1. Give me T54, T25 ranked fewest to most by other Cβ atoms within 10 Å of their Cβ, as a rough exposure proxy.
2. With labels modelled as points extended 7 Å from the Cα through the Cβ direction, what inter-label distance (nm, one decimal) is found for D53 paired with V7?
3. If I stretch the segment between Q37 and Y18 completely, what's the gain in nm (0.36 nm per residue apart, minus their alpha carbon distance), one decimal?
4. Which of the chymotrypsin sites (Phe, Trp or Tyr not before Pro) found in segment 25-57 are loop residues per DSSP with 12 or fewer other Cβ atoms within 10 Å of their Cβ?
5. Take peptides 18-24, 8-14 and line them up by average Cβ neighbours within 10 Å, highest first, as a rough protection proxy.
6. Residue by residue through segment 5-18, what is 3J(HN,Hα) from phi via Karplus (6.51 cos²θ - 1.76 cosθ + 1.60, θ = phi - 60°)? Round to whole Hz and write x for glycine and proline.
7. Under a 5 Å amide H to amide H cut-off, with H placed in plane at 1.01 Å, what residues pair with H60 once short-range neighbours are removed?
8. Which of the lysines could a cross-linker span from K2 if the Cα-Cα distance has to be under 16 Å and same-chain partners fewer than 8 positions apart are dropped?
Amino acid sequence: MKQVPLVQVVMSRRRKDYYSAVIQTIKYIMPSPPRVQCIVMDFEDAMWRAARDTMPEVDHKGCAFHFT
């Protein structure tokens, strides 16, 4: 599977509601319906919870770079 970085966001807090707002904004600007198959992200707990809540239909995977 090819991975294409979609966005990088600088945030002041690591909160689920902040991550949810970012994901909702990304979904809003993407073609409808979004054709996302997988989200690869670091291991920030709030980000994982937000991704599961806002895009439950896609696979969620942790980034190997951030695991080590």
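1. T25, T54
2. Simple spin-label model gives 1.6 nm for this pair.
3. 4.6 nm
4. Here the chymotrypsin sites (Phe, Trp or Tyr not before Pro) that fit, given the DSSP loop and packing criteria, are F43.
5. Top to bottom by mean Cβ count within 10 Å: 18-24, 8-14.
6. Listing the rounded values in order: x, 9, 7, 10, 10, 9, 10, 8, 9, 9, 10, 4, 5, 5 Hz.
7. The answer is I39.
8. Cross-link targets: K61.
Throughout, read-outs are computed from the coordinates displayed, never taken from laboratory work. The shown structure was predicted, so the numbers you read here are calculated from the model rather than taken from an experiment. Neighbour counts run over all protein chains shown; Cβ positions are idealised from the backbone, glycine included.
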